[in-house]
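Following: one structure in structure tokens, then a few remarks.
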Amino acid sequence: MDTFQERIASTQTVLKVRTSPMPGGGIVTTYTDIAERVHAEQALARANENLEKRIRERTEELTHVNDEPVRAKKEANEANLGKTRFLAAAGHDILKPLNAGRLYPSTLMERFEAGRDYDLVHNVERSLDSVEEIIGTVLDISRLDTGRMQPEISSFRLDSILSSSSRWHAKRSWI
């Protein structure tokens, strides 16, 4: 038995031709129009190809979209680290002249005895102490951000913080 397909281009017909030999001689040939099935198979193959292409494209899009937040987070972390490094460098640069400037009030306080001039110089010294404390806090924050300093978890009395806070506000009143 031989089977083959024959396409007739002018009519879009696809024939399945079967030939079978007869026992006493001769051949039986059958013709079956399978155009509808062949066209359906071709349409299914095209649909599968299109679907696979769309899946590849969508996967690429999703990969790109998923990479975007990771990239943005990395850039934000790098920017934050740059800011932290800048704060650390600026803090150190500010502390050097501040420490040198703190020598002057100390020297002047030694020269003056109690009185108006002594109180003014003492106020300047306390103001410089406050500035140094603020800059030190900024430096500590930058050390925490970079991981060079780890926070210490401890128990403490809340009134000790509140009382030092009220002293700080009292110090601020004379600035």
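The values are calculated or read from the model by the stated rules, or taken from the named source; none is laboratory data. Just so you know, these numbers come straight off a predicted model, no measurement behind them. Neighbour counts run over all protein chains shown; Cβ positions are idealised from the backbone, glycine included.
Would you mind stating whether LEU87 is within 23 Å of GLY136 (Cβ to Cβ) and in a helix (DSSP H, G or I)?
Working: within 23 Å of GLY136 (Cβ to Cβ): yes; in a helix (DSSP H, G or I): yes.
Considered against the rule, which asks whether it is within 23 Å of GLY136 (Cβ to Cβ) and in a helix (DSSP H, G or I), LEU87 comes out as yes.
For ASN99, are the conditions met, namely being in contact with an Asp or Glu (Cβ under 8 Å, 6 or more places away or on another chain), polar (S, T, N, Q) and without any contact (Cβ under 8 Å) to a residue 60 or more places away in the chain?
On the way: in contact with an Asp or Glu (Cβ under 8 Å, 6 or more places away or on another chain): yes; polar (S, T, N, Q): yes; without any contact (Cβ under 8 Å) to a residue 60 or more places away in the chain: yes.
The answer is yes for ASN99.
Could you list, in sequence order, the residues of segment 4-28 that are over 60 Å from the mean Cα position of the chain (by Cα), surrounded by fewer than 11 Cβ atoms within 10 Å (Cβ to Cβ) and among the hydrophobic types (A, V, I, L, M, F, W, C)? Steps first, please.
Step one: list which residues in segment 4-28 are over 60 Å from the mean Cα position of the chain (by Cα), which gives 4, 6, 8, 10-11, 15-28.
Of the ones still in play, those that are also surrounded by fewer than 11 Cβ atoms within 10 Å (Cβ to Cβ) are 4, 6, 10-11, 22-28.
Matches in segment 4-28: PHE4, MET22, ILE27, VAL28.
Anything in segment 69-85 that is among the basic types (Lys, Arg) and either outside the structural domain of ARG143 (by TED's automatic domain parsing) or loosely packed, with under 12 Cβ neighbours inside 10 Å (or both)? List them, or say none. I'd like the intermediate steps shown before the answer.
Step one: of segment 69-85, the residues among the basic types (Lys, Arg) are 71, 73-74, 83, 85.
Scanning segment 69-85 gives ARG71, LYS73, LYS74.
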